[in-house]
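Asks: Next up is a structure, given as structure tokens.
The values are calculated or read from the model by the stated rules, or taken from the named source; none is laboratory data. Being a predicted model, the structure only gives us computed values, none of them experimental. As a convention, Cβ positions derive from the backbone with ideal geometry for all residues, glycine included, and neighbour counts pool all protein chains shown. Only protein heavy atoms, including side chains, enter the accessible area calculation; ligands, DNA and RNA are left aside. Shrake-Rupley method; radii C 1.70, N 1.55, O 1.52, S 1.80 Å.
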Amino acid sequence: MFVHRRRILVEFADCDPANIAFFANYFRWFDDCTTALFLAAGLPIRELFRSHGVVGIPVVDAKARFIAPSSQGDELEVESAVIKWGKSSFVVAHKFFRGNELTMEGQETRVWAAAHPTESGRLKAVPLPKGVVEKLSGNRTEKKSSGKSGARR
């Protein structure tokens with residue numbers, strides 16, 4: 001399985017009044033880490049979507065387990081990998097570490113989606129390209145990329 005590691009710095013704006021990283025930010029970081037995972041595998045998503053005629057990889061399910069709080073100034077390392085493949089869907093797992101301590105883990109199920117051929121404004125799940133599955137299933141770990149918590153695509 002291809003694993004990508006990324007660093008995230010928890011900043012003041014990421015925290016609630018108790019100085020704990022606000023839970024919704026983890027879901028934003030999931031998205032950032034999934035984009036970074038694809039890029040590290042040689043699959044920049046904007047080019048990938050254009051070349052395969054898809055509009056995106058929307059999230060259809062997400063879950064998280066919060067183990068220990070993170071606060072302003074914490075440097076987290078996130079390990080992300082696709083852990084399950086379907087015909088048109090896949091599950092990305094994310095593990096957040098502060099040092100060696102696992103602080104949070106979560107998963108998101110995404111669908112390879114194109115515009116619906118007959119219903120305007122709707123999406124339709126389409127089969128995942130074999131090349132995408134192969135690149136994200138490789139047995140290697142990609143070196144760390146860093147990103148500030150607010151970094152976007």
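Asks: Go ahead and set up a Gaussian network model of the chain, Cα springs under 10 Å, then flag whichever of Pro69, Pro129, Pro117 fluctuates most.
Replies: Of Pro69, Pro129, Pro117, the Gaussian network model singles out Pro117 as fluctuating most.
Asks: Relative contact order, percent, of the chain when contacts are C-alpha pairs under 8 Å separated by at least 6 residues?
Replies: Here the relative contact order equals 35 percent.
Asks: Any chance you could check the Cα centroid distance between the range 33-52 and the range 85-138 for me, in angstrom?
Replies: The range 33-52 and the range 85-138 have Cα centres spaced 11 Å from each other.
Asks: Sorted by accessible area (1.4 Å probe), largest first, how do His52, His4 line up?
Replies: Listed by decreasing accessible area, they come as His52, His4.
Asks: If the viscosity is 0.692 mPa s and the temperature 37 °C, what Stokes-Einstein diffusion coefficient in µm²/s follows for the range 16-74 when Rh is the Kirkwood radius over Cα pairs?
Replies: So the translational diffusion coefficient is about 239 µm²/s.
Asks: A further question on this structure: Of the accessible area of the chain, with the probe set at 1.4 angstrom, what percent is carbon plus sulfur?
Replies: 53 percent
Asks: Here is a follow-up. List the trypsin sites (Lys or Arg not before Pro) within the range 70-134 that fall in a DSSP loop (any state other than H, G, I, E or B) and whose Cβ has at most 13 other Cβ atoms within 10 Å.
Replies: Sites meeting the loop and neighbour criteria: Lys87, Arg122.
Asks: Let me ask something else about it. Where does the chain land at 222 nm, in deg cm²/dmol rounded to the nearest 500, when only DSSP H runs of n ≥ 4 count, each adding -39500 (n - 2.57), divided by all residues?
Replies: Helices in the chain give a 222 nm mean residue ellipticity of -7000 deg cm²/dmol.
Asks: How much length would be gained if the chain were fully extended between Val133 and Val55, taking 0.36 nm per residue of separation minus their Cα-Cα distance, in nm to one decimal?
Replies: Residue separation times 0.36 nm, minus the Cα-Cα distance, leaves 26.3 nm.
Asks: Only loop residues by DSSP count here, and only those with at most 14 other Cβ atoms within 10 Å; note down the trypsin sites (Lys or Arg not before Pro) in the range 15-77 that meet that.
Replies: Answer in residue order: no site qualifies.
Asks: May I pose another question? Rolling a 1.4 angstrom probe over the protein heavy atoms, how many square angstrom per residue are accessible across the chain?
Replies: That works out to 54 Å² per residue.
Asks: For Phe66 and Glu11, FRET efficiency with R0 = 22 Å and r from the beta-carbon atoms, rounded to 0.05?
Replies: With a Förster radius of 22 Å, E is 0.75.
Asks: Dividing the convex hull volume of the Cα atoms of the chain by its residue count, what figure in Å³ per residue is obtained?
Replies: 114 Å³
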